[in-house]
1. Being touching a Gly at 6+ places or on another chain (Cβ under 6 Å) and either part of a loop (DSSP other than H, G, I, E, B) or assigned by TED's automatic domain parsing to the domain that holds Lys58 (or both) is the filter here, so list the residues in the stretch 94-127 that pass it.
2. Sort through Arg43, Arg33, Arg16 and tell me the only one that's in a strand (DSSP E or B), over 23 Å from Ile149 (Cβ atoms) and at pLDDT below 95.
3. Do the conditions hold for Lys91, that is, is it in the same structural domain as Thr147 (by TED's automatic domain parsing), basic (Lys, Arg), under 16 Å from Leu128 (Cα atoms) and touching a strand residue (DSSP E or B) at 6+ places or on another chain (Cβ under 6 Å)?
Amino acid sequence: MAENHAKKPFHKRIARETPEEKQYDERTVQVDRVARVVKGGRRFRFRALVVVGDRKNKVGVGSAKGADVTAAVTKATEVAKKHFITVNLYKGTLPHEVEAKVSGAKILLKPASPGTGIIAGGVIRTVLEVAGVSNALSKSFGSSNKTNIAYATIHALELLEPANKWITRQPKKEGTKAKAKVTKP
């Protein structure tokens, strides 16, 4: 077997052994061991929560179960890639303040000035980093369930309106001039 490897040119061995670069940033947030009770005892499986994004305004969250950890992570990654959303950013931060609630998890996301960074903890930080947000503030209320917080963050990012759709003032209605009362002496 060593002889066969030695016969191949060196440049072909290098090319084959170099792993291809991934186009998405895939982060495993949580892996749990779950069980179902059957007649003979418990059957164990694994559940994975994965966040996938391209760091250029696209992000997705997926959760899946598998017989082993790698199977669960692979399935969750595929689910996340199927459920990508596009995030509307404004100068590297969020365009406006937004709140979202999923089950018992409620989160608040706020824009931040340049140089602030991402002030967020745990799952919210991961989702914002993978989405390509560079400056943001956040606060999580209620439940600390990572799955619900991840989905609440995605929901909040979906609610963001781009800057060109902001309504800054009400348009004037035409034809509504105030009529002056004229009194005769």
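1. If the condition is that a residue be touching a Gly at 6+ places or on another chain (Cβ under 6 Å) and either part of a loop (DSSP other than H, G, I, E, B) or assigned by TED's automatic domain parsing to the domain that holds Lys58 (or both), then Gly104 is the only one that fits.
2. Arg43
3. It is false that Lys91 is in the same structural domain as Thr147 (by TED's automatic domain parsing), basic (Lys, Arg), under 16 Å from Leu128 (Cα atoms) and touching a strand residue (DSSP E or B) at 6+ places or on another chain (Cβ under 6 Å).
Residue-wise test of (1) over 14 Å from the mean Cα position of the chain (by Cα); (2) charged (D, E, K, R).
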{"site": "Lys110", "(1), (2)": "yes, yes"}
{"site": "Gly121", "(1), (2)": "no, no"}
{"site": "Ser134", "(1), (2)": "no, no"}
{"site": "Leu137", "(1), (2)": "yes, no"}
{"site": "Ser140", "(1), (2)": "yes, no"}
{"site": "Ala152", "(1), (2)": "no, no"}
{"site": "His155", "(1), (2)": "no, no"}
{"site": "Ala163", "(1), (2)": "yes, no"}
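The values are calculated or read from the model by the stated rules, or taken from the named source; none is laboratory data. Computed from a predicted structure; not experimentally measured. Quick reminder, even Gly has a Cβ in these numbers, built from the backbone with ideal geometry, and neighbours come from all protein chains shown.
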